[in-house]
1. Conditions: (1) crowded, with 18+ Cβ neighbours inside 10 Å; (2) of a type in the set (A, V, I, L, M); (3) at pLDDT 95 or above; (4) within 24 Å of the chain's Cα centre (by Cα). Ala112 meets all but one. Number of the miss?
2. Could you tell me whether the stretch 154-168 includes any residue that is closer than 18 Å to Thr319 by Cβ and not small (Gly, Ala, Ser)?
3. Under 8 Å by Cβ, and 6 or more places apart or on different chains, what pairs join a residue from the stretch 52-63 that is assigned by TED's automatic domain parsing to the domain that holds Gly17 and farther than 21 Å from Arg89 by Cβ with one that is among the β-branched types (Val, Ile, Thr) and not in a helix (DSSP H, G or I)?
4. Name the helices (runs of 4 or more DSSP H) wholly within the stretch 67-172 that hold at least 2 residues that are of a type outside the set (Gly, Ala, Ser) and free of Cβ contacts under 8 Å to residues at least 12 places away in the same chain?
5. Do you know which residues across the stretch 26-47 are closer than 26 Å to Ser299 by Cβ, out of contact with any helix residue (DSSP H, G or I) (no Cβ under 7 Å at 6 or more places or on another chain) and part of a helix (DSSP H, G or I)?
6. Count, please, the residues in the stretch 1-25 that happen to be in a strand (DSSP E or B) and among the aliphatic types (A, V, I, L, M).
7. Based on this model, can you work out whether Ile148 counts as touching a strand residue (DSSP E or B) at 6+ places or on another chain (Cβ under 9 Å), surrounded by fewer than 23 Cβ atoms within 10 Å (Cβ to Cβ) and of a type outside the set (D, E, K, R)?
Amino acid sequence: MSTDRLRVAVVGAGYWGPNLVRNFAASDDWDLVAVCDLDLERARRVTQQLPGIRIESSLDVLLADDDVDAVAIATPARTHHGIALAALRAGKHVLVEKPLADTSERGREMVAVAQENGLVLMCDHTYCYTPAVSKIRELVADGALGEILFIDSVRINLGLIQPDVDVLWDLAPHDLSVFDFVLPGGLQPLGVSAQGADPLGAGKSCVGYLSLPLVGGALAHVHVNWMSPTKIRQMVIGGTERTLVWDDLNLVQRVSVFDRGVDLIDRPESGAERTARTIAYRVGDTWSPALDEKEALRSMVEEFAASIHGGRQPRTDGTAGLRILDVLEAAGRSLRQAGELQPLAASGWRHPAVAVAG
């Protein structure tokens, strides 16, 4: 495995680009060599504390540079497909801000081209690299919660109404990517039911709800809202053994595990007997696991480098991004059908694993 520093260019110096610039510039794994943006002045502002970083307005010129190993894309979703394909065909590894693309068809082409060229295509599902979510994944994998019964997630605030997407496309990918990351086997719901409302007359849903039935009778649910005067970032994962609460705004105790729940005694098999089960309520201890203090984006850029050096797919690869796109597109169909449960067009889609070039 090579440990040489990799050379990266960030494409897009708007809202998210400066965060990528800062973390790539501070990383021991990367040399930030360029920032590309149509607005050269904006790119200069982003790099004003970083002497020696090249500023470029032409993507073609940037991609023709042999001194660039990888490209990080922080541009609007509708542009991801074109930029990523150009970069991959130029032999560059690619990191893409969420969502992977604006349609699953385009996302699939991006994944296929990366596979064909032996390159890493990674989706920046930032929350999957937080210490809290890493711990949640570990607890679920170790069986600390038991069999998962439900997941309920709330992400609401008084937020910016986006000009090109509704609230589900804007906010729900964060929660869906966490579901996909912590659930064994990834997020593969039996279908998607969506409800949305546009009480402001903005022309798109400003309040949204997703319901995703899972294999075995479990249910995942997401509530997103641009209009709430209070900000809530909370996820509850209930299992047969314990229930976990992740409150991302609680700086002291982000993750809590409750040994509390409902037990069904004797678990009879027949329907008639099942209705007569004895129910017991379990009340036990509550504890909070210790979490590392580390910025999620720092871990994310480290994983990008490690996947390239190791010739492997990253933890949030292109197929993970595709699973989120499949859910979002099914949600759109459900909204048009008054909330009717919609199957995923490519549920469980996988590309065969292949090695990637170091």
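The values are calculated or read from the model by the stated rules, or taken from the named source; none is laboratory data. Since we're looking at a predicted model, the values are computed, not measured. As a convention, Cβ positions derive from the backbone with ideal geometry for all residues, glycine included, and neighbour counts pool all protein chains shown.
1. It fails just one condition, (1).
2. So far as the stretch 154-168 goes, no, none of its residues is closer than 18 Å to Thr319 by Cβ and not small (Gly, Ala, Ser).
3. Within 8 Å, the pairs are Ile53/Val33; Ile53/Val35; Ile53/Thr47; Arg54/Val33; Arg54/Val35; Ile55/Val35; Ile55/Thr47.
4. Working: elements: 77-89, 104-117, 131-141.
Fully inside the stretch 67-172 and qualifying: 104-117.
5. Ala26, Ala43
6. Taking the stretch 1-25 as the starting set, the residues that turn out to be in a strand (DSSP E or B) are 6-11.
Retained after the next criterion (residues that are among the aliphatic types (A, V, I, L, M)): 6, 8-11.
Residues in the stretch 1-25 being in a strand (DSSP E or B) and among the aliphatic types (A, V, I, L, M): 5 in total.
7. Details: touching a strand residue (DSSP E or B) at 6+ places or on another chain (Cβ under 9 Å): yes; surrounded by fewer than 23 Cβ atoms within 10 Å (Cβ to Cβ): yes; of a type outside the set (D, E, K, R): yes.
Yes; evaluated as a whole, the condition is true for this residue.
Rundown of residues vs (1) farther than 25 Å from Ala141 by Cβ; (2) crowded, with 18+ Cβ neighbours inside 10 Å; (3) not basic (Lys, Arg), yes/no style:
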site: Ala220; (1), (2), (3): no, yes, yes
site: Asn225; (1), (2), (3): yes, yes, yes
site: Ile232; (1), (2), (3): yes, no, yes
site: Gly239; (1), (2), (3): no, yes, yes
site: Trp246; (1), (2), (3): no, yes, yes
site: Val257; (1), (2), (3): no, yes, yes
